[in-house]
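S.K.: Starting off with a structure, shown below.
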Amino acid sequence: MLSKRIIPCLDVKDGRTVKGVNFVDLRDAGDPVELAAQYAQQGADELVFLDITATHERRKTMIEMVKAVARQLNIPFTIGGGITEIADAEALLNAGADKISINSAAVRNPKLIEELAKAFGVQFVVLAVDTKHVDGKNRVHLNGGRLITELETENWIKQAEDLGAGEILLTSMDHDGTKAGFDCGLLGKINQMINIPIIASGGAGNMDHFTEVFQKANVDAALAASVFHYGEILIPDLKQELSRNQIPVRI
């Protein structure tokens, strides 16, 4: 059985790691380079770096910051934010990314998924989806959650898999930052529909939430931010707890 992955996420704005609740009220959570070094040391399986205002501010991801973070790491590194074409992905690859995460640009131009998968391989392309429950449906949101679309989350994810996405990073905006647990219902439903790995994001508040999302939704990885950044959960402790619950993890 494949080991389940634990992934800290650095949401970066103006060169600092930030964290909010339901995508708003951002507060400082530290220096991304220092945090990256800590997580590599603690035994995180991967690290995700999201330049959360790149799309909204219509600019590219901060390459120098990415290089500085990559130098601290000996684990897979996924980068997202402001990627709209092959050249952007190439620049990030050269700066130290192992995978790239696309969100808004993929919705606006679904062919981008196909192009990236062909150029770099399916495993390189992570589709990030920010979803919120609106009028009885799960709707895809863009630009860091600022913009609602007509797209239904389930349909979009299925389409993205068909186009060549290698992994789905699914963030529940309703659960994000609430520390009330992951959206196991939605995650489990989508996991049944697709054949590529799914990373659960949004809602982690304690170790039981990680156990629950692996047991109930059978996701491949669980991602969190504030509980790791503020030291509320230490990754070695979390992995010991998951192991006690018969969840396979790399220790």
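The values are calculated or read from the model by the stated rules, or taken from the named source; none is laboratory data. Just so we're clear, the structure is a prediction, and the values are computed from it rather than from any experiment. Every residue, glycine among them, receives a Cβ derived from its backbone with ideal geometry; neighbour counts consider all protein chains shown. SASA here: full protein model, heavy atoms, side chains in, ligands and nucleic acids out. Shrake-Rupley method; radii C 1.70, N 1.55, O 1.52, S 1.80 Å.
S.K.: Quick one: how many residues across region 201-231 are touching a Pro at 6+ places or on another chain (Cβ under 7 Å) and in a helix (DSSP H, G or I)?
M.R.: Qualifying residue count, region 201-231: 1.
S.K.: Related question: Whether any residue in region 144-157 is under 20 Å from residue 51 (Cα atoms), under 16 Å from the mean Cα position of the chain (by Cα) and touching a residue at least 40 places away in the same chain (Cβ under 8 Å) is what I want to check.
M.R.: Within region 144-157, one or more residues are under 20 Å from residue 51 (Cα atoms), under 16 Å from the mean Cα position of the chain (by Cα) and touching a residue at least 40 places away in the same chain (Cβ under 8 Å).
S.K.: Within region 36-52, which residues are modelled with pLDDT of 70 or more and either open to solvent by 10 Å² or more (accessible area, probe 1.4 Å) or in a loop (DSSP other than H, G, I, E, B) (or both)?
M.R.: Once the filter is applied, which keeps residues that are modelled with pLDDT of 70 or more and either open to solvent by 10 Å² or more (accessible area, probe 1.4 Å) or in a loop (DSSP other than H, G, I, E, B) (or both), region 36-52 yields 37, 38, 40, 41, 42, 43, 44, 45, 46, 50.
S.K.: While we're here: The conditions are (1) at positive phi; (2) crowded, with 22+ Cβ neighbours inside 10 Å; (3) of a type in the set (D, E, K, R), and residue 179 fails exactly one of them. Which is it?
M.R.: Among (1) at positive phi; (2) crowded, with 22+ Cβ neighbours inside 10 Å; (3) of a type in the set (D, E, K, R), the lone unmet condition for residue 179 is (2).
Condition check ((1) open to solvent by 60 Å² or more (accessible area, probe 1.4 Å); (2) in contact with a Ser or Thr (Cβ under 7 Å, 6 or more places away or on another chain); (3) assigned to a helix (DSSP H, G or I)) across all residues:
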site: 112; (1), (2), (3): no, no, yes
site: 115; (1), (2), (3): yes, no, yes
site: 195; (1), (2), (3): yes, no, no
site: 199; (1), (2), (3): no, no, no
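S.K.: Of all residues in region 232-251, which are part of a helix (DSSP H, G or I) and either free of Cβ contacts under 8 Å to residues at least 12 places away in the same chain or open to solvent by less than 50 Å² (accessible area, probe 1.4 Å) (or both)?
M.R.: Matches in region 232-251: 235, 238, 239, 240, 241, 242, 243, 244.
S.K.: For region 97-107, state whether one or more residues are modelled with pLDDT of 95 or more, open to solvent by 20 Å² or more (accessible area, probe 1.4 Å) and over 25 Å from residue 5 (Cα atoms).
M.R.: yes
S.K.: Working only within region 166-185, note down all residues that are under 21 Å from residue 11 (Cβ atoms) and hydrophobic (A, V, I, L, M, F, W, C). Can you show your working first?
M.R.: Of all residues in region 166-185, those under 21 Å from residue 11 (Cβ atoms) come to 167-183.
Within region 166-185, 168, 169, 170, 173, 180, 182 qualify.
S.K.: Do you know which of the residues in region 3-19 that are outside any strand (DSSP E or B) and out of contact with any Lys or Arg (no Cβ under 8 Å at 6 or more places or on another chain) is farthest from residue 78 (Cα to Cα)?
M.R.: Of everything passing the filter in region 3-19, 14 is farthest from residue 78 (Cα to Cα).
S.K.: While we're here: Taking residue 88, is it in contact with a Pro (Cβ under 6 Å, 6 or more places away or on another chain) and open to solvent by 10 Å² or more (accessible area, probe 1.4 Å)?
M.R.: Spelling it out, it is not the case that residue 88 is in contact with a Pro (Cβ under 6 Å, 6 or more places away or on another chain) and open to solvent by 10 Å² or more (accessible area, probe 1.4 Å).
S.K.: Spot the failing condition for residue 140; the list is (1) touching a Phe, Trp or Tyr at 6+ places or on another chain (Cβ under 9 Å); (2) crowded, with 16+ Cβ neighbours inside 10 Å; (3) not acidic (Asp, Glu); (4) not in a strand (DSSP E or B), and only one is missed.
M.R.: Status for residue 140: all satisfied but (4).
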